[in-house]
Each structure stands twice: as C-alpha cells, then as structure tokens.
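Below you'll find the structure, written out as structure tokens, and then a few comments.
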Amino acid sequence: MSYPHKFFRSVFQQENIEFIEEYSPDWLLGKRFDFFLMKEKCFVEVDGLLGHGKSVYPKSKKSVEQTLIVDKWKDECAVERNYKVYRVNADISDVCYLKENILKILKPISEFANVDWIICDKEGHKNLIKEVCDYYMKYKLISTTEVAKIFNSSGKTIRDYLKKGLKHNWCDYNIEAAKELNKQNLIDLNIERCSKPVSVYKEDVFIKQYVSLCELERRSLEDFGMIFNNSKMSMVANGKKRQYKGYIFKYTN
C-alpha cells in the first residue's frame, strides 16, 4: 500500500467520512477505484506516478497510453451511474504537496478542518498489512468480513493482505477455515440483527426502541430522515464502533 493511499485513508478517517477502500462494483468488471465515499456517493482516485498515463512497470503488458484509457473508461462508467469521480494528483509523497491537492480538488466534499496533517504523514508510513495480520491474530475467531469493517476495506483486500502476511509468517491464515467461519458468523449475525431488540440514543438520551436492527434499518428514513446501514449499527451495538451518524445503538434484553 503506497504512502499517498494511506495518507488519504487517514484524512477520511479524521474527517469522519465513511468510505470503502479499493471498491470494485460489478459494473467495473474487476477494476477498482481507490476510495468510495458512501454518504457523498463519489469515488476518489489517488493518482500516483504509476499508471494514469504517466508510467508503467518495465515488464507491464499495458502501455502508458492504455493506463490512461482505462482511467477514462472507469470515470465514464461511474458518471453514467450518476457518481462523481475526483482524481487527486499524488506524484510526490510529501505531506504539504498532498495537503494542497486534497484541499484544492476535494473542496466540494469537505473543508477538512478536523484533519491533523502530521498524523496523516505518520499513518502514511505505517505497514497496513502487518496491522491487519496483528489484529487477525489477536482476535482469532473474528471473520475476514468483520476485519474488513474495522479497517474500512473490502473482504477481498483483507484476504489478500492475510495471504501476503502468511508468506511473511505474520499470521496463520487458513483460507478454508476462514470461509467456514465467515459463513457461520454471517448466519449468527443475521439471527442477531433480526431477533434482538435495539434501542437508539442521541448523546446518551433515549430516542426509541425497535424490535430489531432489521426493523430499524427499514424505518430509518421515515423516522430519522436518513438511511441507516444494518452492518454499521451492528458494529456500534457490539462495541466495535463508538457511534454511527451521531447515534448510539444498544441491544436491549
């Protein structure tokens, strides 16, 4: 994972912008966008020196021109589906350079007033693969799906990280065992979400109780004027996230 990519991740996390990394919807046919900002419904591409019509690996099968064609195709696919695409130049892995470009290109998204740029620089130098492996080894019964939620990434990306970590002896990831655990956790999670009563709080003030997270998700737009995501609420209810969209969710006995 490049320094600019980790830098951007830190920016979005500090600004409390919900995102998915390396997002690959079906209509991209296996291609990916660096970031999908969920609430803003837009994609952010971190355009470094490699690809993007600038340069390619010496043994790459694609030409420099072809990488630019791919970028244009991805952008067109997104625009056709009413998504905006922001491309930020990240040729230089420097905090001042990236800060300037982010504030200029992503201004329609946020003023980024909450961002500590020094923290972004520190995060940019961290080894995310090692962090994922350490977390996975600490909580051995957690599924890769749950790990992906913690790191705001896709399940495929987390599995790729763990496979690489396995080669470095950073974890003991077992593909078949992980698949079975993911299946069982999904079954258990669905039972929990659709059977346990849940209460909603705003700044520790009780708002309302619902039969389940499933019911709350269905009625969220009508009751709160916004759509709540079942998985995100579940993370709060299970103590894995402090709050979601300004609300706290607690399972009720």
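The values are calculated or read from the model by the stated rules, or taken from the named source; none is laboratory data. What you see is a predicted model; the values in this text were computed from it and never measured. Methodologically, a virtual Cβ is constructed for each residue, glycine included, from the backbone with ideal geometry; neighbour enumeration extends over all protein chains shown.
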Worksheet item: For segment 69-103, how many residues meet the condition of being modelled with pLDDT under 95, of a type in the set (V, I, T) and touching a helix residue (DSSP H, G or I) at 6+ places or on another chain (Cβ under 8 Å)?
Response: 2
Worksheet item: Residues in segment 202-224 that are at pLDDT below 90, exposed (fewer than 15 other Cβ atoms within 10 Å of the Cβ) and not in a helix (DSSP H, G or I): how many?
Response: 3
Response to the item:
Scanning segment 116-126 residue by residue, those part of a loop (DSSP other than H, G, I, E, B) and at pLDDT 85 or above turn out to be D116
Worksheet item: Identify, please: which residue in segment 178-201 is basic (K, R) and modelled with pLDDT under 70 and is, among those, surrounded by the fewest Cβ atoms within 10 Å (Cβ to Cβ)?
Response: K183
Worksheet item: Of the conditions (1) buried (at least 16 other Cβ atoms within 10 Å of the Cβ); (2) in a loop (DSSP other than H, G, I, E, B); (3) aliphatic (A, V, I, L, M), A113 fails just one. Which one is it?
Response: (1)
